[in-house]
Structures are given as structure tokens and as C-alpha cells.
Amino acid sequence: MIKIDEIIGDVIFVSFRRVDCFQDIGITETSGHFRMKGYDQLGLWLEHPGIIIHRSEDEEGKPLPIEEHSEEFIEAQFIATWDNINTLMHYPEREGYDFPSEFEKKIGFKFSKEEEEVDK
């Protein structure tokens with residue numbers, strides 16, 4: 001059995017009951033793969049696959065020449081509420097999908113073998 005804490009940071013498959021509530025943020029498919037960033041009492045926090053802002057106008061709203069157009073990638077997270085999740089699927093040990101748990105990090109001091117031997 002896997003605990004949800006163990007898959008934070010991993011890429012998981014999520015199937016949604018309703019996708020219409022995500023259309024404003026550019027998610028239009030009823031399922032997909034997302035990096036899980038966390039969870040709370042409301043639902044799962046998922047990494048947005050990518051928001052790109054295309055700038056084609058200046059500060060006054062006048063069109064810019066094509067060579068001055070720019071794109072900015074913005075990292076974002078969104079919440080999928082528990083009532084909107086059909087199912088989740090995790091891929092243990094699959095490269096590119098399963099990453100070390102943030103909760104398995106060793107905390108404390110590390111000593112080299114020489115320092116350990118001196119202490120004996």
C-alpha cells in the first residue's frame with residue numbers, strides 16, 4: 001500500500017470528473033499526467049503543464065513588430081478538489097515519473113569514516 005505523502009513530487013495520472021471548471025486555466029482534457037505538488041483537505045495541488053504569456057503589444061496597447069514579440073513561461077499550480085477526482089495512478093520506479101520522496105531526506109549531521117574512528 002502506498003501513502004499519498006510518498007508520491008508528492010512524482011508525476012501521476014489524474015482522471016477528472018468535470019473538466020469544465022479547469023477551462024479558464026487552459027486544461028481541457030478529462031485526464032492527464034501532472035506532477036503532484038501536495039495535498040490538503042480541499043484536494044490535490046498539481047503543477048500546471050505550462051502557462052505561456054505571449055506579449056505582442058506595448059504598454060499602451062499598440063501592436064509590436066513580430067521581432068519584438070516575446071513569450072514568458074510562468075510556473076503555476078492548481079487544485080483539483082477531491083470531489084472532482086475519479087482516479088489516480090502512480091508509477092513506482094518508472095524513470096521520469098517516480099522521484100525520491102521529500103520526506104525521506106536524512107536530517108542531521110554526517111561524519112566521515114575518519115571522524116567516526118577518532119571518536120571510538
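Data table
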{"quantity": "Qualifying positions in the stretch 1-23 - part of a helix (DSSP H, G or I) and more than 16 Å from Asn84 (Cα to Cα)", "calculated": "Ile4, Asp5, Glu6, Ile7"}
{"quantity": "Qualifying residue in the stretch 23-34 (condition: among the hydrophobic types (A, V, I, L, M, F, W, C) and surrounded by 13 or more Cβ atoms within 10 Å (Cβ to Cβ))", "calculated": "yes"}
{"quantity": "Of all residues in the stretch 84-96 being in contact (Cβ under 8 Å) with a residue 60 or more places away in the chain and part of a loop (DSSP other than H, G, I, E, B), the one that is farthest from the chain's Cα centre (by Cα)", "calculated": "Pro92"}
{"quantity": "Subset of the stretch 27-48 [touching a strand residue (DSSP E or B) at 6+ places or on another chain (Cβ under 7 Å) and in a loop (DSSP other than H, G, I, E, B)]", "calculated": "Thr30, Leu42, His48"}
{"quantity": "Candidates Gly96, Gly43, filtered to the one that is on the phi > 0 side of the Ramachandran plot and surrounded by 13 or more Cβ atoms within 10 Å (Cβ to Cβ)", "calculated": "Gly43"}
{"quantity": "Residue in the stretch 1-49 that is farthest from Pro92 (Cα to Cα), counting only those that are touching a residue at least 40 places away in the same chain (Cβ under 8 Å) and basic (Lys, Arg)", "calculated": "Arg18"}
{"quantity": "Check on Arg18, at pLDDT 95 or above, of a type outside the set (A, V, I, L, M, F, W, C) and exposed (fewer than 14 other Cβ atoms within 10 Å of the Cβ)", "calculated": "yes"}
{"quantity": "When residues of the stretch 68-83 are limited to those that are in contact (Cβ under 8 Å) with a residue 40 or more places away in the chain and touching a Gly at 6+ places or on another chain (Cβ under 7 Å), the one surrounded by the most Cβ atoms within 10 Å (Cβ to Cβ)", "calculated": "Ala80"}
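The values are calculated or read from the model by the stated rules, or taken from the named source; none is laboratory data. Small disclaimer: the values here were computed from a predicted structure and weren't measured. Reconstructed Cβ throughout: ideal geometry from the backbone, glycine too, with neighbour counts over all protein chains shown.
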